[in-house]
Each structure stands twice: as structure tokens, then as C-alpha cells.
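The structure appears right after this line, and notes come after that.
Read the figures in this text as sums done on the coordinates, not as results from a lab. Small disclaimer: the values here were computed from a predicted structure and weren't measured. Don't worry about glycine lacking a Cβ; one is built from the backbone with ideal geometry, like all the others, and counts go over all protein chains shown.
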Amino acid sequence: MTSQGTPTPASTPNAEGNTLSQSRDSLVQSTIERIRQIHRDDGITRESLASTAKILEELAENKALFSLELYPPPASGEGSHRFELYTQPDQSYALYLNVQHPGKNSVPHDHKTWAVITAVQGQEINRIYRRTDDGADPQYAKLELEREVLVEVGTSVAYLGDDIHSIHVQGNQPTLHFHLYGRALETLTERVAFDLETGAVRPYNQSFWKPNAG
Ligand SMILES: [Fe+2]
């Protein structure tokens, strides 16, 4: 994938004298700080990640800062762009804006860190799997579909590091979704993907997850 579609934040100051990109950066910074405070207070749990999702849903309400005009999908009409919005200096928090055309799918995989996915616009099916084998063989896993979540405005999904999911973008509109991770994705070298047919477990392509735009 290429870097086509680099966002071009408007440079015209608003009433407060801030440009759109300054407003965005300031809001992203304060959002991350609110989330970090929750994690400092409560640790990383299903509950604290649910609170994290609520805060990201607030951020997603700022449609003027996060739009397909500013963050366009690939001009080819297929595939996806991943824009990096924020990475903590120690790479412990990383927020991306993923823009995906319908037809974009992933194989089941884990993240080896926590993750929250929140929609600004568009719909992405997340299939969530459970392992039914004993986990003894690092190269084999038997998965069962546990449930599906349609991620859309107001419905986020959150994962702990060992949770397994796949994504499926359907319909006819591109998605614009926040992906917040507990580590910058390019630092995650231990992630694995799962073959539903054969049970094979293999490394998940690291380069696939590098920001490819912005
Ligand atoms: Fe994922």
C-alpha cells in the first residue's frame, strides 16, 4: 500500500485562532490524558476499557476534525489507510485513524496488547473467537466464533491482549474508525494470526500494521 491520500488539515484559523490541526492535536492529547488517568486509577480491565471506549466515542463526535475529506481512503477504491494521530513517546499508547473501503477483511488475530475500536462513521463487523483447544501447542489453535459486534457510531469494541478477533467491512461506505492500542503497532512482534480451517498459528504480518498514510 502507498501513502496516497495524505491528509491536508485546513490551515485557516478558527474563532479561537487555532487551526483545525491544532484543535485536533489538542483534543487528542487531552483525550489520551483522560484515558491514561483511568488506567492509572483502575488498571487495564474490561471495565476500564469500556470507560476508555466512552471517551473515544466523545472524541468521535468531532466530525469536523475527523472526516473522509481530511482522511481519505485509498483512491483506488479498495484497501485501507492507517493515519497515526498520536503515539506516546514511550510508545505505550498509540491512536490511529483507520479508513477502510468495503471489502476489507482480516484473518482472526490477537494484538498482544489491549485495544479499543470506535467508529467516527461507517460499519465494521468484528467477529470474536474463543479458543477451544488447551493451548499446549504454540502452532495450533482451534477457534469457535463466540459473537459478532457491528462497530458503528456509539458501539465500540475493546480487547485484552489475548483476545482473538477478525474484521469485515461490508456495505458501500468507507469506515473511519479510531483504533487505540496499548502499544504502537509496529513494536508488536509477537502477534499471531489463526487459520480457521487448519488451526495453524502463524506470525501476523508486522509491516501490514504500520501507518501507511499521514
Ligand atoms: Fe485487530
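Please give the direction-averaged projected area of the C-alpha convex hull for segment 22-149, in square nanometres with one decimal.
Convex hull of Cα atoms, orientation-averaged projection: 10.0 nm².
If one takes the longest principal axis of the Cα atoms in the chain, at what angle in degrees, from 0 to 90 and to the nearest 10, does the Cα axis of helix 20-42 lie?
The angle comes out at about 40 degrees.
Give the peptides 91-99, 155-163 in descending order of average Cβ contacts within 10 Å, highest first.
Output ranking for 91-99, 155-163: 91-99, 155-163.
Please identify the longest segment of the chain free of exposed GluC sites (Glu not before Pro), where exposed means a DSSP state other than H, G, I, E or B and no more than 13 other Cβ atoms within 10 Å. Don't skip to the answer; put the middle values down first.
On the way: sites that count: Glu16, Glu61, Glu69, Glu78, Glu190, Glu197.
So the longest stretch without any such site is 79-189.
Angle, helix 46-60 long axis vs. longest principal axis of the chain, Cα atoms, 0 to 90°, nearest 10?
30
For segment 68-213, report the convex hull volume of the alpha-carbon atoms normalised per residue, in Å³, without decimals.
Convex hull volume per residue, Cα atoms: 110 Å³.
Around Gln91, what is the net charge, scoring Lys/Arg as +1 and Asp/Glu as -1 over all other residues with Cβ under 12 Å from its Cβ?
-2
Give the total of Lys-Lys pairs in the chain with Cα-Cα distances below 28 Å; include a pair only if its members are 8 or more places apart or on different chains.
11
At most 15 other Cβ atoms within 10 Å plus a DSSP loop assignment makes a site exposed; report the longest stretch of the chain without any exposed trypsin sites (Lys or Arg not before Pro).
Between exposed loop sites, the widest span is 64-141.
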